[in-house]
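Colleague: Here it is, the structure, as structure tokens.
Nothing in this text is a laboratory measurement; each read-out follows from the coordinates by a stated rule. Quick caveat: nothing in here was measured; it's all calculated off a predicted structure. Neighbour counts are summed over all protein chains in view; Cβ atoms, including those assigned to glycine, are modelled from backbone coordinates with ideal geometry.
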Amino acid sequence: MVDTGCNISITGADLPYSGLSVLLAEDTVTQVTLGNPGESQTWNYSMLADNYNRVAIYNPTASTPYASAYPASNIYTYGPDPFFGSLYGGAPTDSAGSGYIFWKSDTTGLWEAGFRAADGTFAGINVQDNPLELLLGAPASYGSVFNNSARWVLPFNQNLSGLDTFYVRNMNKIITADACGSITTPYGQYPNVLREHEHVIQVDSVYLKMGGTQIAAVEYARDTLNNYSYIAHGIGYPVCIVHTNNRNTITSVEYFSGILTSINNLPVAETRFLLYPNPSDGNLTIEILNPNNGSVNNIFIYNSIGSLVWQKNTSDAKINIDASSLAKGIYLVKMVSGDKILTAKIIIQ
């Protein structure tokens, strides 16, 4: 039933969780209409283009070697920055490197707990948000307001006997559930949606310390942003996020395009295949389980626009594939085995 007022409530069950893998599309051109805050809104974003593909894969923080450094975190994402979804808060994801972002997702909302770069100038440094940064507030209904101040400190050029330098980011924000209604994207209509408007002021500074005593602080950059997250039940990720600047001029729109799934949940006795690692650097393995004896399996890999980029006919139960020459992105793997057609998606990073 379509929500005719603002009766929808968002809880922690509607936020990212361990095991969630969402496919996302990003439009950097189209100017959508935000409309005015209020009840019974109708947002028609069906004209959005697909300029870039993104993916957000959430796994348990306890499975990483860094769990003890991020005690508040229960899930994390990992990968090259261009593949991150746009729900990353104040983490510096513009360095085009790889790394971890650590999250806390619970009944109070989705929080950023910190990050750790895997390569680049600041690789291997555990950076914690203290206080944590709130990205999506919960529980929330029309009119809910969340105030949040967050901060992280990145140490570099540390010298026990000399001058130490720290890069500091402070964030102050107000998140308001300012509208509700229905939204249509290129992937469907969502009739019961609550919109959370995040207004954030972000200040970057450089601190200088000598022997633990602060001797100077210089403001490096200041920015004001407005982000609008449209949240529905049963997905675990906003169906749409509109990013705007301080004047509400739209800079990009990210929208949900599907769940990244595998075919591993077929009945055990059925022919199926495993695809790993996923994400992959291009060296991946396809392992066929319970194959039809003597049958030839036809395997195809397609890119995000549907072009065939790799093909092999084989009766082998295990196939190693060197796809390192393929561009980074999301690919569809299809296997035709007898009268069965099985598919899975792979991320090459």
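Colleague: For the range 127-230, with only Lys/Arg (+1) and Asp/Glu (-1) charged at the beta-carbon, what is the dipole magnitude about the Cα centre, in debye rounded to 20?
Modeller: Dipole of the range 127-230, to the nearest 20 debye: 60 debye.
Colleague: Which Cα, out of Phe122, Ile288, Val206, lies furthest along the positive dipole direction of the chain (beta carbon charges, K/R +1, D/E -1)?
Modeller: Towards the positive end, the residue furthest out is Ile288.
Colleague: So, one more: Starting from the Cα of His233, step 7 Å toward the Cβ, then list every residue of the range 102-140 with an amide N under 16 Å from that point.
Modeller: 139-140
Colleague: Compute a Gaussian network model of the chain, connecting alpha carbons closer than 10 Å, and tell me which residue from Asn248, Asn74, Asn126 fluctuates the most.
Modeller: Asn248
Colleague: About the Cα centre, and with charges only on the beta carbon of Lys, Arg (+1) and Asp, Glu (-1), how big is the dipole of the chain? Nearest 20 debye, please.
Modeller: Working: 17 positive and 27 negative charges, 74 e Å.
That gives the chain a dipole magnitude of about 360 debye.
Colleague: Continuing with this model, one more query. To the nearest whole percent, what portion of all C-alpha pairs in the chain is separated by more than 30 angstrom? Provide the component values of the computation, followed by the final result.
Modeller: Working: 26623 of 60726 pairs.
So the portion of pairs separated by more than 30 Å is 44 percent.
Colleague: Next question. Run the numbers for Leu163 and Thr224: contour at 0.36 nm per residue of separation, minus the present Cα-Cα distance, in nm.
Modeller: That pair, Leu163 and Thr224, stretches by 18.8 nm at full extension.
Colleague: Let me ask another. Which of the trypsin sites (Lys or Arg not before Pro) across the range 207-257 are loop residues per DSSP, with 10 or fewer other Cβ within 10 Å?
Modeller: On the way: sites: Lys209, Arg222, Arg247; in loops: Arg247.
Those that pass, being in a loop and sparsely packed, are Arg247.
Colleague: May I pose another question? Using Cα springs under 10 Å in a Gaussian network model of the chain, which residue among Val55, Val193, Val336 shows the largest mean-square fluctuation?
Modeller: Of Val55, Val193, Val336, the Gaussian network model singles out Val336 as fluctuating most.
Colleague: So for the range 1-73, Kirkwood radius off the Cα pairs, Stokes-Einstein at 20 °C and 1.002 mPa s: how many µm² s⁻¹?
Modeller: Working: Rh = 16.3 Å.
It comes out at roughly 131 µm²/s.
Colleague: Same structure again: Any chance you could list P(r) for the range 160-225, counting all Cα-Cα pairs in 5 angstrom bins from zero, rounded to whole %?
Modeller: 4, 14, 14, 12, 10, 10, 9, 8, 6, 5, 5, 3, 0
Colleague: Would you report the distance distribution of C-alpha pairs in the range 1-142 as whole percents per 10 angstrom bin, up to the bin with the largest distance?
Modeller: 11, 34, 34, 17, 4, 0
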